[in-house]
1. Name the strands (runs of 3 or more DSSP E) wholly within region 269-348 that hold at least 1 residues that are under 19 Å from the mean Cα position of the chain (by Cα) and among the hydrophobic types (A, V, I, L, M, F, W, C)?
2. Would you be able to tell me the number of residues in region 329-377 that are of a type in the set (Lys, Arg) and at pLDDT below 95?
3. What tally of residues in region 326-344 results from selecting those that are in contact with a Gly (Cβ under 6 Å, 6 or more places away or on another chain) and more than 14 Å from Ile354 (Cβ to Cβ)?
4. Do we have Tyr178 as among the hydroxyl-bearing types (Ser, Thr, Tyr), under 30 Å from Val27 (Cα atoms), out of contact with any strand residue (DSSP E or B) (no Cβ under 6 Å at 6 or more places or on another chain) and open to solvent by less than 40 Å² (accessible area, probe 1.4 Å) here?
5. Pick from region 162-175 the residues that are of a type in the set (Val, Ile, Thr) and surrounded by 21 or more Cβ atoms within 10 Å (Cβ to Cβ): which of them is farthest from the chain's Cα centre (by Cα)?
6. Among the strands (runs of 3 or more DSSP E) lying completely within region 406-487, list those that include at least 2 residues that are over 20 Å from the mean Cα position of the chain (by Cα) and free of Cβ contacts under 8 Å to residues at least 12 places away in the same chain.
7. Given the residues Asp324, Asp312, which is the only one that is on the phi < 0 side of the Ramachandran plot, surrounded by 16 or more Cβ atoms within 10 Å (Cβ to Cβ) and among the acidic types (Asp, Glu)?
Amino acid sequence: MKRKSIWLEGISSNTCPKLEHDIDVDVLIIGGGITGISTAYHLTSQNLSVCLVEKNKIAEGVTSRTTGKLTYLQENIYTKLKTYHGKEKAKLYLESQKKAIQLVKGIIKKENIECDLQKVHSYVFSNQNEKKICNEKNLLHEFGISVRDTTALPTGENISYGFYVEDTYVFHPLKYAYSLKDICLHRGISIYENTKIISIDKEEEQYLCKTENHMIKAKYVVFAIHYPYFIIPFWMPLKAYIEKSYIEAFKVDKNYKFSAITISSPTISTRYHSDKNCHYQLYLTNSHNLCIKNNEKENFEQLLQTKKISPDYIWSNKDIMTVDSIPYIGSINKENTLLIGTGYNTWGMTNGSIAGKIISDIILQKQNPYIELFDPKRGINIGKLMNFPIILGSNVYSFAKSKIRKQKSWYPSSVRFEIRNGENLAIYVDENQKEHIVYNVCPHLKCGLIFNEVEKTWDCPCHGSRFDIDGNCIEGPSNYNITYKAK
């Protein structure tokens, strides 16, 4: 069993250099996942100098851990949006998801990209709540979507009630992202990996973006990072929470051409994938608010017990969930020079793809029908009023818990905490009895850290930063390492 995403198996991409000099560009894109690389693609051949920087490797963050679905059937999202925003905006969101699928299909065809794109039926089903299913199905029918009722999945598994559509897709997200990277490089986009943006200041009409050793000057800055690491002016911790999910992939005899997701808890999401030698089923479940369940060994064990099949791959993923169920895509300042794409509510492949088009259109001063819908500066609505206390409470709870009880009852004897010279330290002793010492605080907002025994990482239970056992930051919002330096 490999503790990594199936998409990382048997695939590689040429490494881009680290930034080693100062540069001056029109557009700086921070983040090389589906949003950043899509934005860069749409800005090629536009007579703009564009630079994309990624703190690790292109597309090997959240994009590499998705299930790789391109579908507009997203649990009961349209019922929620009708409640929070009204029927017109719910329909507009549907149109945006269908547009995203068309965009990806069009790019794949135009650029002749090999990424295992496959047309599949998408199912939404429930064994508990038929009313939710009926409400979602009826609303989709009102929006002109042809849906079909069913009481069984294509595998023959019986379900209480469900429906499906026929015009959705699955693909290999890394093959797609790597191809976009190569196209962008070929067309003059500058891409730098292992390059962190440490700070951003404004000077007249330009942003001064500092890396560890160099400066990037830019007229536009795009935050295409999973969890934006700045607080002001967007106050991200008060506008969203993080949901964590667990995924396994195991060999099966056949590639069934469908994807499916439940509309009730616990969430179950599945699809199939084939490589040159085998067929696999991908199975996601046990999703939860990151702030609530911190015993990663138990969380993974619950995943493994669900199917009771020894998987070939297991991994976890995190998604940003917004207070009103609509992503934050667009400008966050009145000059339209500071832009963002995040909060995709578990549907990153469609929303990340449409984000690339929306953001590039704003920069190019083009019309786009979805700018207002996704506007990060949108006002108060019932969704925000209902969910804001929950998000605030979970953040406070997680922060307090991380400080009060450091030594969790489930930790193995190889994990311990100490105070040395007045500094809080966390220590992991590996199988060779080597001590790996880190500072026990996340640089982002000073939460205490928890040890992920399965993936051997130190994780922030508040906003999702991750560090390897030696303290190197491997996932934001933190931009800094926590490596201990003895005094």
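The values are calculated or read from the model by the stated rules, or taken from the named source; none is laboratory data. In this text the structure is predicted, and so the values were computed from the model without any measurement. Counting neighbours? That spans all protein chains shown, and the Cβs are built from the backbone with ideal geometry, glycine included. Side chains are part of the model used for accessible areas, which takes the heavy atoms of the whole protein and leaves out ligands, DNA and RNA. Shrake-Rupley method; radii C 1.70, N 1.55, O 1.52, S 1.80 Å.
1. 279-289, 313-322, 328-331, 338-342
2. 2
3. The total comes to 0.
4. For Tyr178, the condition - among the hydroxyl-bearing types (Ser, Thr, Tyr), under 30 Å from Val27 (Cα atoms), out of contact with any strand residue (DSSP E or B) (no Cβ under 6 Å at 6 or more places or on another chain) and open to solvent by less than 40 Å² (accessible area, probe 1.4 Å) - is met.
5. Thr168
6. 415-420
7. One residue alone meets the criteria, Asp324.
So that you can scan it fast, the table gives a plain yes or no per residue for (1) open to solvent by 40 Å² or more (accessible area, probe 1.4 Å); (2) in contact (Cβ under 8 Å) with a residue 24 or more places away in the chain; (3) in contact with a Leu (Cβ under 6 Å, 6 or more places away or on another chain); (4) not in a strand (DSSP E or B):
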residue	(1), (2), (3), (4)
His21	yes, yes, no, yes
Asp26	no, yes, yes, no
Thr35	no, yes, no, yes
Ala40	no, yes, yes, yes
Leu48	yes, yes, no, yes
Cys51	no, yes, yes, no
Glu60	yes, yes, no, yes
Gln74	no, yes, no, yes
Tyr78	no, yes, yes, yes
